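Asker: Would you mind keeping the following structure in view while I ask a few things?
The values are calculated or read from the model by the stated rules, or taken from the named source; none is laboratory data. All values derive from a computational prediction rather than experimental measurement. Cβ atoms come from the backbone with ideal geometry, glycine included; neighbour counts cover every protein chain shown.
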Amino acid sequence: MSPTPSALAFVPFVSVDNMMKIVHSIGLNEVLKEMVGYIEHDFRRWELFDKTPRVASHSKEGVIELMPTSDGEVYGFKYVNGHPKNMSEGFQTVTAFGVLARVDNGYPVLFSEMTILTALRTAATSAMAAKYLAPKGARTMAMIGNGAQCEFQALAFQAVLGIDTVQIYDIDPQATEKAARNLADSGLKVIKCSTPHEAIEGAEIITTCTADKQYATILTDNMVGPGVHINAIGGDCPGKTELHRDILLRSDIFVEYPEQTRIEGEIQQLADDHQVTELWEVVSGTAKGRSSEGQITLFDSVGFAIEDFSALRYVRDQLSRTGFFTELDMVADPDDPRDLHGMLRRAQ
Ligand SMILES: NC(=O)c1ccc[n+]([C@@H]2O[C@H](COP(=O)([O-])OP(=O)(O)OC[C@H]3O[C@@H](n4cnc5c(N)ncnc54)[C@H](O)[C@@H]3O)[C@@H](O)[C@H]2O)c1
């Protein structure tokens with residue numbers, strides 16, 4: 001008779017279905033706000049984490065990345081892809097899954113879908129950065145690029161910053177229609193725009209969230225007035241940017257992990273020693289965020305492993321709160337830890 005798995009064999013698994021149940025049982029706005037708290041907590045203890053630029057495998061179609069980190073007690077990583085051409089072929093641009101494990105014995109403690117979770121953590125990270133960088137009292141956000149991430153961004157800025165208006169634009173009007181439809185009952189005033197210029201008119205915050213595998217110019221220099229906050233998400237790979245270089249030269253630039261952002265972010269267009277501020281220093285109070293009304297602040301976001309670690313930590317903490325998970329028979333666990341072969345033989 002086949003041996004039955006022991007308790008040590010089972011690892012909690014959050015499927016897509018259960019991730020959606022977790023979000024709905026807590027409420028999307030609440031999840032976004034709570035996740036900001038988790039990310040902020042980890043940014044405050046940034047220095048103790050293991051950090052490395054993500055391991056990227058590039059192809060002409062896209063990229064597949066592994067994003068590892070550890071706080072000394074828990075290790076985490078995310079598998080994520082980025083394929084801008086996918087959408088036209090019926091696939092998503094970004095999909096992901098992730099793992100948390102115990103550092104002391106290496107056993108996994110959580111497997112989770114992370115396609116939805118990446119959208120949540122990216123929106124939460126953007127909103128967290130904007131708390132420190134956006135002009136006080138900002139109420140209007142321009143949202144350029146109305147794909148998978150768009151509504152999550154808008155809702156996070158509403159929940160965390162209190163924006164009440166979002167001006168949306170995409171080169172594909174169907175994407176804008178989709179976003180407007182999904183945001184119709186959000187309480188946000190949603191203005192569909194037919195040019196990027198219209199979208200940024202009067203906006204204190206400009207989010208660029210497009211997908212195109214090239215040095216794109218979503219914003220030109222003359223489009224960006226003094227005092228705005230730019231939340232640039234879509235430029236996140238070598239040769240894939242969204243902003244004209246001149247905007248960078250007029251902005252105070254805030255980044256996650258410079259070693260990774262210099263390879264992947266908007267600042268790949270600048271000299272390697274161009275001055276940037278690390279966001280964790282702003283969050284922990286050792287560097288200034290926005291310091292004047294006229295300043296242009298730029299969050300050059302590429303997505304860093306610690307944000308995924310925070311998001312996975314958040315999900316782990318919701319397992320007992322919501323009960324929405326299953327257990328996977330994931331770790332082969334022989335009665336005698338050395339007798340792996342015997343376990344296989346007895347299963348014959
Ligand atoms: N920084 C991060 O942490 C992070 C996290 C997730 C995704 N991303 C990046 O964000 C981007 C958006 O992701 P997504 O999942 O929403 O992708 P998506 O493919 O679902 O949506 C992208 C949208 O951009 C639009 N677009 C392309 N070129 C445009 C242009 N010139 N002007 C206006 N709109 C344009 C497309 O029509 C599409 O609707 C991707 O580049 C992705 O790699 C970054």
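Asker: Could you figure out which of (1) surrounded by 21 or more Cβ atoms within 10 Å (Cβ to Cβ); (2) part of a helix (DSSP H, G or I); (3) not acidic (Asp, Glu) isn't true of Ile168?
Answerer: (2)
Asker: Further question on the same structure: Look at the stretch 92-123 and say how many of its residues are over 15 Å from Glu327 (Cβ atoms), surrounded by fewer than 16 Cβ atoms within 10 Å (Cβ to Cβ) and more than 10 Å from the ligand (Cβ to nearest atom).
Answerer: Matching residues across the stretch 92-123 total 5.
Asker: Condition (residue is among the β-branched types (Val, Ile, Thr), away from the ligand (no atom under 16 Å from the Cβ) and assigned by TED's automatic domain parsing to the domain that holds Met19) applied to the stretch 61-80: is it met by at least one residue?
Answerer: Taking every residue of the stretch 61-80 in turn, at least one turns out to be among the β-branched types (Val, Ile, Thr), away from the ligand (no atom under 16 Å from the Cβ) and assigned by TED's automatic domain parsing to the domain that holds Met19.
Asker: A follow-up question, please. Small (Gly, Ala, Ser) and surrounded by fewer than 18 Cβ atoms within 10 Å (Cβ to Cβ) - does that describe any residue in the stretch 260-280?
Answerer: The answer is yes; a qualifying residue exists.
Asker: Let me ask you something else. Being among the β-branched types (Val, Ile, Thr), away from the ligand (no atom under 16 Å from the Cβ) and in contact with a Phe, Trp or Tyr (Cβ under 7 Å, 6 or more places away or on another chain): is that true of Val282 here?
Answerer: yes
Asker: Also: Being part of a loop (DSSP other than H, G, I, E, B) and away from the ligand (no atom under 16 Å from the Cβ) is the filter here; which residues of the stretch 303-334 pass it?
Answerer: The answer is Gly323, Phe324, Phe325, Met330, Val331, Ala332, Asp333, Pro334.
Asker: Could you check Met128 against (1) assigned by TED's automatic domain parsing to the domain that holds Asp236; (2) out of contact with any Asp or Glu (no Cβ under 7 Å at 6 or more places or on another chain); (3) closer than 24 Å to Phe97 by Cβ and say which number it fails?
Answerer: Answer for Met128: the failing condition is (2).
Asker: Identify, from the list Ala180, Ala156, Ala130, Ala138, the residue that is more than 11 Å from the ligand (Cβ to nearest atom), free of Cβ contacts under 8 Å to residues at least 40 places away in the same chain and among the small types (Gly, Ala, Ser). It would help to see each step written out before you state the result.
Answerer: Numbers: Ala156 fails: free of Cβ contacts under 8 Å to residues at least 40 places away in the same chain; Ala130 fails: free of Cβ contacts under 8 Å to residues at least 40 places away in the same chain; Ala138 fails: free of Cβ contacts under 8 Å to residues at least 40 places away in the same chain.
That would be Ala180, the only listed residue that is more than 11 Å from the ligand (Cβ to nearest atom), free of Cβ contacts under 8 Å to residues at least 40 places away in the same chain and among the small types (Gly, Ala, Ser).
Asker: Counting only residues that are of a type in the set (S, T, N, Q) and farther than 25 Å from Ala211 by Cα, which one in the stretch 14-67 is farthest from the chain's Cα centre (by Cα)?
Answerer: Ser25
Asker: Also, quick follow-up: Could you list, in sequence order, all residues of the stretch 276-302 that are outside any helix (DSSP H, G or I) and within 22 Å of Glu73 (Cα to Cα)? Lay out the reasoning, then the answer.
Answerer: Our first condition is that a residue be outside any helix (DSSP H, G or I); within the stretch 276-302, this holds for 276-278, 284-302.
Within the stretch 276-302, just Ser284 meets the criteria.
Asker: Here are some residues: Ala175, Ala216. Which one is within 26 Å of Thr118 (Cβ to Cβ) and either modelled with pLDDT of 95 or more or more than 25 Å from the chain's Cα centre (by Cα) (or both)?
Answerer: Testing whether each residue is within 26 Å of Thr118 (Cβ to Cβ) and either modelled with pLDDT of 95 or more or more than 25 Å from the chain's Cα centre (by Cα) (or both) leaves just Ala175.
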